[in-house]
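Colleague: Take a look at this one; I'll ask things after.
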Amino acid sequence: MSRHGPAVLDAGQRHPVRFTLNGRTVSGEAEPRMLLHDFLRHVLGATGTHVGCEHGICGACTVQIDGAPARACLTLAVQADGAEIRTVEGLAPAADRLSVLQEAFRTHHGLQCGFCTPGILMTLDALLRERPDCGEAEVREALSGHLCRCTGYAPIVKAALAAAEALRETDHA
Amino acid sequence: MKPARFAYLRAATTEHALEALHQGGGEARVIAGGQSLVPMLTMRLARPALLVDIMHVAALSRTDDDGARITIGAAVRQRALETRDGLAQRQPLLAMALPWVGHMQTRSRGTVCGSIAHADPSAELPLVLVALGGQVHLLSRRRARRLAAEEFLTGMMVTARAEDELIEAVSVPAIRPGTGYAFREISRRHGDFAIAAFAAVADERGVRLAVGGVAAIPMARVLPTDQALGDALDAFAWDLDARDDLHASARYRRELVRRIGGDVALEALRDQQARAVKEAV
């Protein structure tokens with residue numbers, strides 16, 4: 001195959017994988033079958049991304065790949081080679097300061113057990129960046145890709161809308 | 001749940017991918033966005049020896065609009081098509097259906113051709129392909145061929161694709177003057193699998209209603225638009241041979257075909273009239 005292009009990554013062997021994680025270049029080794037969330041958590045030690053159903057339904061493992069929210073459990077680590085990945089660890093501007101969105105979750109009780117929260121934050125962070133003027137319908141549609149068994153979603157919607165408003169005010173200031 | 005072992009090849013060119021599929025035979029599978037295939041791997045419903053990643057093949061990442069047809073390459077993500085400038089003007093039915101495909105978190109990775117290759121009976125994109133009379137462009141080292149949507153989709157998650165063939169693209173007719181479109185999906189929540197989904201195209205030949213989520217593949221039928229519509233819908237509903245499952249009974253699905261199917265057919269006719277008025281101005 002090498003006469004045509006890159007070589008086959010053999011099954012059962014570990015291969016180097018390198019991408020940008022929250023602005024830093026990171027690398028590790030993965031078998032082709034390793035899913036991105038396992039690579040993040042077990043190889044890189046970035047355990048902020050949670051893992052729920054492992055087949056794309058619950059949304060807990062949602063990260064941003066090249067700027068768009070995506071399921072880490074539906075992506076192979078080797079597919080992510082060369083990509084830009086953002087996870088919940090990249091949201092806070094400093095170790096002692098939360099982002100506007102995270103702060104709104106705290107104020108409005110947008111989380112209880114917190115299991116689904118990292119994924120939801122990554123979806124909403126992308127939504128608020130892309131659609132700063134988004135309303136409740138868009139927030140709810142984005143949230144339809146996530147399961148939360150604690151809150152009943154209403155406080156999450158409230159937090160998202162409050163964050164959207166706060167971000168709009170900062171932009172205008 | 002972890003996938004079984006497989007090898008992985010990031011193809012650089014279409015030829016490179018075709019060569020790998022040719023050599024791999026039934027053991028090789030194409031991976032594009034992976035939004036249907038990765039869960040199949042994780043649940044070990046699919047156990048290929050080799051995955052051929054086509055997302056870095058520049059030639060497959062294009063959407064072409066030649067005025068008459070819109071051709072969507074194998075590596076075009078659903079989100080890329082959904083956000084394409086002027087999509088609603090060039091092919092309204094695609095623009096209506098795309099927001100219903102999976103969730104925004106899967107459309108960001110999933111491809112249009114991948115959804116059609118997967119051929120889930122409740123998926124929106126195969127339904128739209130059938131409703132519009134679209135084509136699937138297949139390519140292998142041996143041959144290139146194009147199949148009509150209804151020739152390609154042969155059963156529940158079964159297609160006419162040979163083991164060494166790659167779906168190079170799918171194509172649909174662009175909007176034509178005097179044509180109206182409508183789409184509706186019934187599911188428990190937005191983003192859930194469709195209990196039933198409907199796409200209708202009204203043109204000079206009448207109104208063609210396609211139904212997904214009921215039979216093993218999306219089915220289309222041209223319906224009369226006079227008082228015979230009710231009986232025709234009833235016959236269509238029975239012919240789809242609906243089954244009971246966890247999500248809905250067969251009877252409920254037949255009722256959706258009669259009622260919502262009829263509404264969507266009439267909506268396409270109204271859309272046709274509204275567009276005719278606009279075209280006349």
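Only the coordinates and a few stated rules stand behind these numbers; no lab work does. Fair warning: this is a prediction, and the values are worked out from it, not measured in the lab. Here Cβ is always computed from backbone atoms with ideal geometry, including for glycine, and neighbour counts include all displayed protein chains.
Colleague: Angle, helix B:250-280 long axis vs. longest principal axis of chain B, Cα atoms, 0 to 90°, nearest 10?
Modeller: Tilt of helix B:250-280: around 80 degrees.
Colleague: Next up: Could you tell me how many cubic angstrom of Cα convex hull volume the range B:1-125 has per residue?
Modeller: Dividing the Cα hull volume of the range B:1-125 by its residue count gives 116 Å³.
Colleague: Here is a further query. Taking Cα atoms, how many degrees apart are the long axis of helix B:229-239 and the longest axis of chain B, rounded to 10 and kept between 0 and 90?
Modeller: Rounded to the nearest ten degrees, it is 30.
Colleague: Next question, about the same structure. What's the local net charge at B:A197, with K and R +1, D and E -1, over the other residues with C-beta under 9 Å away?
Modeller: The answer is -1.
Colleague: Which Cα, out of B:W100, B:T71, B:A149, lies furthest along the positive dipole direction of the range B:59-173 (beta carbon charges, K/R +1, D/E -1)?
Modeller: B:T71
Colleague: Just tell me how shielded B:8-16 is by partners: mean number of partner chain Cβ atoms within 10 Å of each residue's Cβ, no decimals.
Modeller: Averaged over the peptide's residues, the number is 5.
Colleague: Which residue, B:L94, B:L125, B:L37, tops the fluctuation ranking in a GNM of chain B built on C-alpha contacts under 10 Å?
Modeller: Among B:L94, B:L125, B:L37, the largest GNM mean-square fluctuation belongs to B:L37.
Colleague: Based solely on its DSSP helices, what 222 nm [θ] is calculated for chain B when runs of n ≥ 4 H residues each add -39,500 (n - 2.57) and the sum is averaged over all residues, nearest 500 deg cm²/dmol?
Modeller: So the helix-based figure for chain B works out to -10000 deg cm²/dmol.
Colleague: Not counting the cut sites, what is the longest span of chain B without GluC sites (Glu not before Pro) that DSSP labels loop and that have at most 15 other Cβ atoms within 10 Å?
Modeller: The reported range is B:1-162.
Colleague: Suppose we look only past 24 Å in the calculated P(r) of the range A:1-134. What percent of the Cα-Cα pairs does that tail hold?
Modeller: Of the Cα pairs, 32 percent sit more than 24 Å apart.
Colleague: Net charge around A:G67, counting only other residues with Cβ within less than 9 Å of its Cβ (Lys, Arg = +1; Asp, Glu = -1)?
Modeller: Taking every other residue near A:G67 into account, the sum is -1.
Colleague: Further, regarding this structure: Tell me, how many Å apart are the Cα centres for the range B:219-281 and for the range B:1-70?
Modeller: 36
Colleague: Under 8 Å for C-alpha pairs, at least 6 residues apart: give me the relative contact order for chain B, rounded to a whole percent.
Modeller: 16
Colleague: Also, quick follow-up: How much mean residue ellipticity at 222 nm does chain A get from its helices, if each DSSP H run of length 4 or more adds -39500 (n - 2.57) and you divide by all residues, to the nearest 500 deg cm²/dmol?
Modeller: It lands at -9000 deg cm²/dmol.
Colleague: Please state the charge dipole magnitude for the protein assembly as shown, taken about the Cα centre, from unit charges on C-beta atoms (+1 on K and R, -1 on D and E), reported in debye and rounded to the nearest 20.
Modeller: 580
Colleague: Going toward the positive end of the dipole of the range A:2-50, with +1 on Lys and Arg Cβ and -1 on Asp and Glu Cβ, which of A:L21, A:V43, A:V8 do you reach last?
Modeller: Farthest along the dipole direction, towards plus: A:L21.
Colleague: With charges set only on the Cβ (+1 for Lys and Arg, -1 for Asp and Glu), what does the dipole of the range B:180-280 come to about its Cα centre, in debye to the nearest 20?
Modeller: 220
Colleague: Still on this structure, I have one more. Given the C-alpha centroids of the range A:97-173 and the range A:59-94, what is the distance between them in whole angstrom?
Modeller: When both Cα centres are located, 17 Å separates them.
Colleague: Please identify the DSSP H helices in chain A that span no less than 20 Å along the helix axis (Cα) and have a mean Kyte-Doolittle hydropathy of -0.5 or more.
Modeller: Helices meeting the span and hydropathy rule in chain A are A:154-172.
Colleague: Sticking with this one: Where nothing but the Cβ of Lys and Arg (+1) and of Asp and Glu (-1) is charged, how large is the charge dipole of chain B around its Cα centre, in debye to the nearest 20?
Modeller: 680
Colleague: Under the definition of partner shielding as Cβ atoms of other protein chains within 10 Å of a residue Cβ, what is the mean value for peptide B:39-46?
Modeller: Partner-chain Cβ atoms within 10 Å, mean over residues of B:39-46: 3.
Colleague: Mind checking Rg over Rh on the range A:100-172, alpha carbons, Kirkwood formula for Rh?
Modeller: Taking Rg over the Kirkwood Rh, I get 0.93.
Colleague: What average number of partner chain Cβ atoms lie no more than 10 Å from the Cβ of the residues making up B:98-105?
Modeller: Counting other chains' Cβ atoms within 10 Å and averaging over B:98-105 gives 6.
Colleague: Longest span of chain B, sites excluded, free of trypsin sites (Lys or Arg not before Pro) in DSSP loop with at most 15 other C-beta atoms within 10 Å?
Modeller: B:63-140
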